[in-house]
1. Return the only residue of Asp105, Asp87 being open to solvent by less than 60 Å² (accessible area, probe 1.4 Å), free of Cβ contacts under 8 Å to residues at least 40 places away in the same chain and acidic (Asp, Glu).
2. May I ask you to verify whether Ile187 is farther than 22 Å from Ile290 by Cβ, without any contact (Cβ under 8 Å) to a residue 24 or more places away in the chain and either touching a Ser or Thr at 6+ places or on another chain (Cβ under 7 Å) or open to solvent by less than 50 Å² (accessible area, probe 1.4 Å) (or both)?
3. Within region 268-278, can one find any residue that is part of a helix (DSSP H, G or I) and either over 23 Å from Met201 (Cα atoms) or touching a Pro at 6+ places or on another chain (Cβ under 6 Å) (or both)?
4. Gly302 is checked against (1) modelled with pLDDT of 90 or more; (2) open to solvent by less than 20 Å² (accessible area, probe 1.4 Å) and fails just one. What number does that condition carry?
5. Output the residue which, of all residues in region 150-163 that are within 13 Å of Ile276 (Cα to Cα) and either more than 24 Å from the chain's Cα centre (by Cα) or exposed (fewer than 14 other Cβ atoms within 10 Å of the Cβ) (or both), is modelled with the lowest pLDDT.
6. Quick check, is Gly130 open to solvent by less than 60 Å² (accessible area, probe 1.4 Å), closer than 29 Å to Phe247 by Cα and free of Cβ contacts under 8 Å to residues at least 24 places away in the same chain?
7. Could you list, in sequence order, the residues of region 249-267 that are in a helix (DSSP H, G or I) and of a type in the set (Val, Ile, Thr)?
8. Please work out which residue is modelled with the lowest pLDDT, limiting yourself to region 226-237 and to residues that are in contact with a helix residue (DSSP H, G or I) (Cβ under 9 Å, 6 or more places away or on another chain) and not hydrophobic (A, V, I, L, M, F, W, C).
Amino acid sequence: MTMSGTSTSGTSGTSPASGAPVAPSVRKEGAPPPRRGAGGRRREFTTRRGLVIAAFMAPAAVFVALFTYYPMIAGSQMAFRNWNLTDLTDTSWVGVKNFREVFTDPVWGTVLSNTALWVVGSIVPQLVIGFAIALWLRRRFRLRGLYQALIFFPWAISGFLIGILFRWMFNSEFGVVNDLLQRAGLIDEPIAWLADPDTAMIAVLIANIWYGVTFFAIMILAALQSIPDELYEAAALDGAGKARTLFQITIPYIRVTLALTVLLRVIWIFNFPDLIFGMTGGGPNNETHIVTTWMIKITQQGDYGKASALGLIVVAVLLVFAVFFLLATRERGAGRRGGGRPGKSGKFGKRGVRA
């Protein structure tokens, strides 16, 4: 039995007890079926169930509040106080004095330029090399899984351990880097990579590039594997070369993944003092200090107020960068047809002709 705009579930009949006719159950077309529990009955949200859920969530909430939000709030208010371990009898409110000390410190200019070089000099090579590795690993060849494991392995190692490893490699007396360069005839005598202000930053950048390429390769390879093969087949039938396919199919299709990966790496590299501390400790003569390593050095000196002020500056800079970066990538994506997916409404149709 059917009705306009409705559908019946079950069949009409008579009640076995009274013999009276029973109307069929009527449910509107398109309406979802009622949700029922494991016993076939619909489970309603009750106060008891809410308390049970809250009881399970309480330990995690307390842990996060105690070890994340409380230190964050406590550290923020320390930035506006005279908080120094050399004299804890006076922790009075000093306003923006700690921020003025940060900006007027003679080391601030060097630290700021080093941070910009550290981020840009690491991100660009990591992105380019990681993209190339991901394109290579997308192809099918023998032992591809083994190569992927070998390439992805460094990401599982601590950054501080990587720094110690590269400190030995760049050692001026028995480091493997100088040995290889001398055997190749590129240098005549060993270079004091980590003791020379002109080469120390180059050495830590090389180490960070090697360490971060893996993350880009992992993320980009995962995105490349989501591109349908028929897009490349259509491009080949249309006569598109490798460069045109890369810039009109591959990059637009994984644009969102690339943007998020770059954003994450900028934030992580900006807050990545581990490798520098393992290699140079910020030396020589502060030539490899970035904002976060300098902040740790100030903390070790006992000036918690100044270090907290520097930490708030880091948070503010990264927050502003993240907002502007996401807005810029969203506006660029909104101008593209098909949301960056050329296979649906881009230049190449499914049959290799221009859509």
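1. From the options Asp105, Asp87, the qualifying one is Asp105.
2. On the way: farther than 22 Å from Ile290 by Cβ: yes; without any contact (Cβ under 8 Å) to a residue 24 or more places away in the chain: yes; either touching a Ser or Thr at 6+ places or on another chain (Cβ under 7 Å) or open to solvent by less than 50 Å² (accessible area, probe 1.4 Å) (or both): yes.
Considered against the rule, which asks whether it is farther than 22 Å from Ile290 by Cβ, without any contact (Cβ under 8 Å) to a residue 24 or more places away in the chain and either touching a Ser or Thr at 6+ places or on another chain (Cβ under 7 Å) or open to solvent by less than 50 Å² (accessible area, probe 1.4 Å) (or both), Ile187 comes out as yes.
3. No, region 268-278 contains no residue that is part of a helix (DSSP H, G or I) and either over 23 Å from Met201 (Cα atoms) or touching a Pro at 6+ places or on another chain (Cβ under 6 Å) (or both).
4. Of everything listed in (1) modelled with pLDDT of 90 or more; (2) open to solvent by less than 20 Å² (accessible area, probe 1.4 Å), Gly302 misses just condition (1).
5. By that ranking, first place goes to Ser158.
6. On the way: open to solvent by less than 60 Å² (accessible area, probe 1.4 Å): yes; closer than 29 Å to Phe247 by Cα: yes; free of Cβ contacts under 8 Å to residues at least 24 places away in the same chain: no.
So Gly130 fails the test.
7. Keep residues of region 249-267 that are in a helix (DSSP H, G or I), which gives 249-253, 255-267.
Ile249, Thr250, Ile251, Val256, Thr257, Thr261, Val262, Val266, Ile267 - these are the residues of region 249-267 that are in a helix (DSSP H, G or I) and of a type in the set (Val, Ile, Thr).
8. Going through the qualifying residues, I end up with Tyr232.
The values are calculated or read from the model by the stated rules, or taken from the named source; none is laboratory data. This one's a predicted model, so the numbers in the text were calculated from it and none came from an experiment. Every residue, glycine as well, gets a Cβ built from its backbone with ideal geometry; the counts of neighbours run over all protein chains shown. Each accessible area value is taken on the protein alone, full model and side chains, heavy atoms only, with ligands, DNA and RNA left out. Shrake-Rupley method; radii C 1.70, N 1.55, O 1.52, S 1.80 Å.
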